[in-house]
1. Within segment 84-97, how many residues turn out to be surrounded by fewer than 24 Cβ atoms within 10 Å (Cβ to Cβ) and closer than 15 Å to THR138 by Cα?
2. Pairs please, first residue from segment 64-91 and on the phi > 0 side of the Ramachandran plot and part of a helix (DSSP H, G or I), second anywhere and small (Gly, Ala, Ser) and crowded, with 24+ Cβ neighbours inside 10 Å, Cβ atoms under 9 Å, 6+ apart in sequence or on different chains.
3. Considering each residue of segment 46-81, count those that are modelled with pLDDT of 90 or more and either more than 24 Å from THR178 (Cβ to Cβ) or among the hydrophobic types (A, V, I, L, M, F, W, C) (or both), and give that number.
4. Tell me which residues, restricted to segment 256-297, are among the polar types (S, T, N, Q) and either in contact (Cβ under 8 Å) with a residue 40 or more places away in the chain or surrounded by fewer than 18 Cβ atoms within 10 Å (Cβ to Cβ) (or both).
5. Taking the conditions exactly as written (touching a residue at least 24 places away in the same chain (Cβ under 8 Å), at negative phi and in contact with an Asp or Glu (Cβ under 8 Å, 6 or more places away or on another chain)), does ALA248 satisfy them or not?
6. Which of the residues spanning segment 92-120 are aliphatic (A, V, I, L, M), free of Cβ contacts under 8 Å to residues at least 60 places away in the same chain and part of a helix (DSSP H, G or I)?
7. Determine, yes or no, whether PHE171 is of a type outside the set (D, E, K, R) and under 19 Å from the mean Cα position of the chain (by Cα).
8. Can you go through LEU154, LEU123, LEU185, LEU128 and tell me which one is in contact (Cβ under 8 Å) with a residue 12 or more places away in the chain and closer than 28 Å to THR296 by Cβ?
Amino acid sequence: MIATQTPAAVGFASSGIGLVDAATDVILDDLWGTAFDLLAALTGFEILALPFMQRAYLAAVCVAIIGPLVGSFLVHREMAMIGDTLAHSAFAGVAAGLFVNAVLPVTVSPLLTALVVAAAAALAVQALIDYAGAYRDTSLAIVLTGSFAVGSVLVTATDGGIAVGINAYLFGSLATVTRANAAVLLAMSVVVSAVVAVAYRPLVYVTFDEVGARAVGLDVTRYSQLIAVLTAVVVVAAMQIMGVILVAAMLVIPVAAAAPVRGFPRSIVAAVAAGLLATVLGVTLSYWFDVAAGGTIVLVAIGVYALSRTGSWAAHRRVDRATRDD
């Protein structure tokens, strides 16, 4: 027998899609778009009224929030380079999606395959650490090189036919942030933020005192896997605008810039603020000078980090001088 959908099922699915489309219209057009149109009218900056720039700014804000939010846990666990590892895994996922689209009569989203492969790679890294007895840097190196090898094989397996399509994911682009991409990115950002908020206390415990967390009965492996999977989600979310080559930067640099701030919760807020400054200014400069958005954002983030460290150094100098004078 051939299964067919009942009219009720079709109607339910259609109504669900309609609700999603309506919610997207309200958020992207009625709220975000209207706010930027008003801001453009008040400031005279015409780029704020351009729909594709409005989507780019939304992507930038989302990345600036969830990148440092998850990256703060990674940096304090001395796993900052997992972002780079999962970025290469996402590259393999994108290549897999484009490869399937090129050789099979089906259409899959490269972002979806990137998320699946990156999440699997995140779990593989944690499994190597927990069960294979591998050191963290060794596990990261194995998964990174293996993922990049798979991606390169898939790219060349079609005689380079998918190489053009993969460039946007490698280097990022303002123009590739479609309405659908922006809606998905926003949803992913809400999910990541909500998960971190719900699991905040055990995540902090596991991050700063793994032995103590085990002693009180916390499932350290499960929470470590959760951090790894959240990192994969952030990597895939940021890939649209940053590109897989530079995506790890937003997990690390804003957190490093916030290092002088005392207290973990306050340092997260400071890291998000540094990320917002870097992404929004970077997107603006990349449009003005017609250069790569990802690279511009990273350079601005490094500049923010340099200013932060310089300010911290100057403050310590003033304190030391005052102490000597007393």
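The values are calculated or read from the model by the stated rules, or taken from the named source; none is laboratory data. As the structure is a prediction and not an experimental result, all values here were calculated from the model. Reconstructed Cβ throughout: ideal geometry from the backbone, glycine too, with neighbour counts over all protein chains shown.
1. Counting residues in segment 84-97 that are surrounded by fewer than 24 Cβ atoms within 10 Å (Cβ to Cβ) and closer than 15 Å to THR138 by Cα gives 1.
2. Pairs that qualify, where the first residue is on the phi > 0 side of the Ramachandran plot and part of a helix (DSSP H, G or I) and the partner is small (Gly, Ala, Ser) and crowded, with 24+ Cβ neighbours inside 10 Å: there are none.
3. Looking only at that region, the number is 25.
4. Scanning segment 256-297 gives SER267, THR279, THR284, SER286.
5. Working: touching a residue at least 24 places away in the same chain (Cβ under 8 Å): yes; at negative phi: yes; in contact with an Asp or Glu (Cβ under 8 Å, 6 or more places away or on another chain): yes.
Judged against the criteria, ALA248 is a match.
6. Listed by number, the residues that qualify are ALA96, VAL100, VAL103, LEU112, VAL116, VAL117, ALA120.
7. Against the criterion (of a type outside the set (D, E, K, R) and under 19 Å from the mean Cα position of the chain (by Cα)), PHE171 qualifies.
8. LEU185
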